[in-house]
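Note sheet for the following structure.
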């Protein structure tokens with residue numbers, strides 16, 4: 001098992017439960033670093049949503065049976081089995097009561113240890129040779145020749161936490177098709193004017209983000225680099241592919257109501273005063289002055305265009321799109337070009353929004369790959385008659 005993130009740990013657990021001897025090789029000093037980082041502001045483990053709607057959120061049909069077997073209800077039950085009660089927030093997002101990822105991870109590692117899983121940290125995979133898989137370890141180069149290998153090395157975002165896509169050339173050299181990585185759930189650059197600097201770090205709340213016919217309620221943060229945060233992430237795929245973004249700064253009021261309020265104001269007032277009298281926050285007023293000064297006021301309030309630059313760099317993204325193509329995998333997530341080698345988690349070519357989908361996808365694919373690997377590796381049965389052993 002190479003990689004000790006949530007997908008890798010789940011695959012290891014399934015292999016161990018099936019009675020297989022499992023060694024996890026992790027490049028970093030400790031396991032699940034990205035998992036812990038994601039939980040710093042509250043570990044969103046899944047989304048409390050009907051399974052059919054949950055599955056449709058993912059862009060990879062091949063994941064459907066995996067998510068059907070280990071969807072939101074199963075993930076919540078799994079957390080409770082580890083002694084971590086969960087609750088559902090107003091948005092449907094599910095969190096451990098403890099909020100952080102560390103109590104869940106500690107309980108999980110304790111259970112894996114009880115199952116005999118051998119976790120080796122600072123074992124960095126460096127590729128293949130004729131004898132098996134090669135690792136750089138604190139004790140020098142080591143080569144392992146496992147009966148089966150499960151790869152859970154992450155995607156291409158947050159390299160400092162281990163997801164650096166260093167594995168791409170090693171699999172490509174073996175004939176594995178890798179779809180180009182692209183940032184997902186990411187922010188976008190904006191070339192702000194100087195007057196916006198005082199708003200850096202402020203959240204724009206209670207707005208609707210409109211991309212084509214799609215309309216998402218949410219919030220986002222203005223930074224020196226551009227815009228980021230949950231509202232932006234929810235529509236980031238469409239924006240990455242070239243769609244435009246417009247904001248409805250007063251989504252709870254119909255255009256006619258806003259128009260009537262504007263018409264009732266005294267003539268000659270400055271645009272800033274008119275916007276403040278409508279009830280817009282200071283940061284929302286600033287956005288109108290940045291992008292909508294030359295527009296009719298009603299249009300600026302209800303359909304304000306944001307001039308976005310390119311997506312922020314891949315290594316700043318929450319996750320990545322691209323990875324190992326499903327066409328090169330069996331239904332069990334086994335590499336066709338490398339029999340007895342399985343792939344799971346963010347290495348796979350799938351994309352999903354934040355909100356619990358990412359973690360559930362990693363857990364579900366790890367579970368699927370681990371079970372399949374256990375079936376693929378059937379240890380020789382023990383025999384009582386030594387004369388039968390060759």
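The table below lists the values:
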read-out	value
The stretch 188-306: proportion of alpha-carbon pairs further apart than 19 angstrom, %	44 percent
Exposure proxy order (Cβ contacts within 10 Å, fewest to most) of 45, 222	222, 45
Peptide ranges 6-18, 139-151, 250-262 listed from the most packed, as the mean C-beta count within 10 angstrom indicates	6-18, 139-151, 250-262
Along each principal axis, Cα extent of the stretch 48-102, largest first, Å	33, 24, 17
Exposure proxy ranking, count of Cβ atoms within 10 Å, fewest first, for 36, 304	36, 304
Estimated inter-spin distance, residue 179 and residue 376, nm [label 7 Å along Cα→Cβ]	2.1 nm
Nearest-ten-degree value, helix 72-81 long axis tilted from longest Cα axis of the chain	60 degrees
Full-extension gain in nm, residue 90 to residue 243, via 0.36 nm per residue minus C-alpha separation	52.2 nm
Residue-span extension gain [residue 214 to residue 270] - 0.36 nm each, minus C-alpha spacing	16.9 nm
Shape of the stretch 201-242, Cα gyration tensor, a/c cut at 1.5	oblate
FRET efficiency, 1/(1 + (r/R0)^6) with R0 56 Å, evaluated for residue 260 and residue 147 via beta carbons	0.15
Ellipsoid semi-axes in whole angstrom, largest first, where each is sqrt(5λ) of the Cα gyration tensor of the chain	48, 21, 18
Residue with peak Gaussian network fluctuation, the chain [Cα springs, cutoff 10 Å], from 114, 92, 355	114
Potential lengthening between residue 315 and residue 203 on full extension [0.36 nm per residue; Cα-Cα distance subtracted]	38.1 nm
Principal semi-axes in Å for the stretch 53-136 [√(5λ), Cα gyration tensor, largest first]	31, 22, 12
Cα long-axis angle, helix 282-291 against the chain (0 to 90 degrees, to the nearest 10)	80 degrees
Residues in the stretch 240-275 that a label on residue 303 would reach, taking backbone N under 14 Å of a point 7 Å out along Cα→Cβ	244-249, 255-256
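The numbers here are math on the coordinates, done by the rules we state, and not lab data. Predicted model, so just to flag it, every value in this text is computed and none were measured. Using ideal geometry, Cβ is built from the backbone for each residue, glycine included, and neighbour counts are taken over all protein chains shown.
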